[in-house]
1. Over the heavy atoms of Lys402, what accessible area does a 1.4 Å probe trace out, to the nearest 10 Å²?
2. Step through the residues of segment 184-193 one at a time and calculate ³J(HN,Hα) from phi using the Karplus curve (6.51 cos²θ - 1.76 cosθ + 1.60, θ = phi - 60°), rounding each to whole Hz and writing x for Gly and Pro.
3. Expressed as an acute angle from 0 to 90° and rounded to the nearest 10, what is the orientation of the C-alpha long axis of helix 328-348 relative to the principal long axis of the chain?
4. In debye, nearest 20, what is the charge dipole magnitude of the chain about its Cα centre with +1 on Lys and Arg Cβ and -1 on Asp and Glu Cβ, if you could check?
5. Provide the gained length on full extension for the span Arg213 to Val436, in nm with one decimal, where the gain is 0.36 nm per separating residue minus the Cα-Cα distance.
6. With N set to the residue count of segment 1-138, report its C-alpha Rg divided by 2.2 N^0.38 Å to two decimal places.
7. Just subtract the alpha-carbon distance of Ala65 and Glu272 from 0.36 nm times their residue separation and send over the number in nm, one decimal.
8. Give the aspartates and glutamates whose C-alpha is closer than 19 Å to that of Lys278, dropping any in the same chain fewer than 8 places away, or say none.
Amino acid sequence: MSQDTEIQIPDTDYDFVVVANRLPVDRITNEDGSPGWRRSPGGLVTALAPIMAASTGAWVGWHGATDEVLEDFDKDEIHMVPVPLSEEDLQLYYEGFSNSTLWPLYHDVIVPPEYHRTWWENYRKVNRRFADAVLRVAARGATVWVHDYQLQLVPKMLREARPDLRIGFFNHIPFPPASLFSQLPWRRQILEGLAGADLVGFQRETDAANFVRGLRRYTNYSVKGHEATPDASHSVQNVCRAAAHPISIDTADVAELSKDPQIQERARQIREGLGNPKTVMLGVDRLDYTKGIRHRLKAYGEILADKQLKAGEVCLIQVASPSRENVDRYIQLRNQVELMVGQITGQHDTLSHTTVRYLHHSYPMREMIALYLAADVLLVTSLRDGMNLVAKEYVAAHQDGKGVLVLSEFTGAADQLTQAVLVNPHDIDGMKQRIVDAANMSPQEQSRRMRRMFRHLEEHDVMRWSNKFLEELAAIKSRVKA
């Protein structure tokens, strides 16, 4: 029996389907008191919205509320397909397997992952739910682009049900080496789930290589270069290619915002509110153990204690947006960070100047641009990061050539923003020296570095990222058909 007779292909027009954990909309209350939806900020929807509008697109994802079933709806020329999650799903699939098993495993086991069979079973069940939602709306021969670590089983589920689909997957976070990935009890199922895609995209070449090595070691796939093919025991045959497709930002939009007189005035007010120190440093992170916030604060505190930079002449603004606040490790991290901030300010603040301004909030993009403009130095000290788009936003906001980017070599951005001041956040002494060098960098050196990085971002923006991925996906599928 053929695949076409085993499953009914829906009679729809949705020939481009995006699948992500969340829908690209936030629930709002309209002025008349009625419920409504607003497009979420973010590079992914910015990049894909024009493509979806031009090709009749649908977006499959969770709408953000538990134990609620919603009908499909349209917003800004995108057909929204809500996938329901229960409170149990949120605990087991999202907070459990996705963020307490996969997240730490994929970030170099900075904290120990937890392996629970109940989490895995729920992860598999929810992935099936997402796949079924895609099958309900995807037209014959549609392109389906699945995103991120929460949905790694979806490509194979789609491939087995609908060989007619063109399937891509993009992993926004790092992919671990085989020596770490080997810990995962369900390593083969995850690898084969991803390999159901025609193209699996990663942030860095090393991530793509790690995935291919995992396929070679833990599955019966035949691997040649960066392409893998299942053996005859698999019900559906496809060639899976792994490739680096580093994500970027809407460079033109950030650059345009940075020229807004109101935002520039807000940047001036921020510096004035800090007492107009000689040097303003900035950290912008989710409050996550992968971001190296404690390492950054330790280095900064020692710089002040050693008088390499003088209290009163320097201030660090640390934006730490809330993240997974019900998870024990994140509660512990918040307590540690706030204790370190208190120790630094207690030792070095004066009545007229503060050494650390700690902000446990999220901010809209306009306020973020103002913070970027106010900062002389951006500190990105991640212990492991898929990309880190904050680094790219900072550069894009400083088309004037001012500012210094201090960037962890363990970020995907370090592969592209090579004119940044690169640091190893585990080397506190080395990082201290590089931070001091950044604070004392000449305007000429700042301009040379920042302008080269800005030109790179102008050429490699988020639109180019999405177009290149989809072009390669189409080429692979065409070659396989031939």
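1. 130 Å²
2. 3J(HN,Hα) across segment 184-193, in whole Hz: 5, x, 10, 4, 5, 5, 5, 4, 5, x.
3. Its long axis makes an angle of about 10 degrees.
4. So the dipole magnitude of the chain works out to roughly 1400 debye.
5. Working: separation 223, 0.36 × 223 = 80.28 nm, distance 4.00 nm.
Length gained, Arg213 through Val436: 76.3 nm.
6. On the way: Rg = 17.1 Å, N = 138, 2.2 N^0.38 = 14.3 Å.
That ratio works out to 1.19.
7. Numbers: separation 207, 0.36 × 207 = 74.52 nm, distance 4.06 nm.
My answer for the length gained is 70.5 nm.
8. Glu265, Glu302, Asp306, Glu313, Asp349, Asp376, Asp400, Asp437, Glu445
The values are calculated or read from the model by the stated rules, or taken from the named source; none is laboratory data. Because the structure is a prediction, the values reported are computed rather than measured. FYI the Cβ positions are ideal-geometry reconstructions off the backbone, even for glycines, and counts take in every protein chain you see. SASA here: full protein model, heavy atoms, side chains in, ligands and nucleic acids out. Shrake-Rupley method; radii C 1.70, N 1.55, O 1.52, S 1.80 Å.
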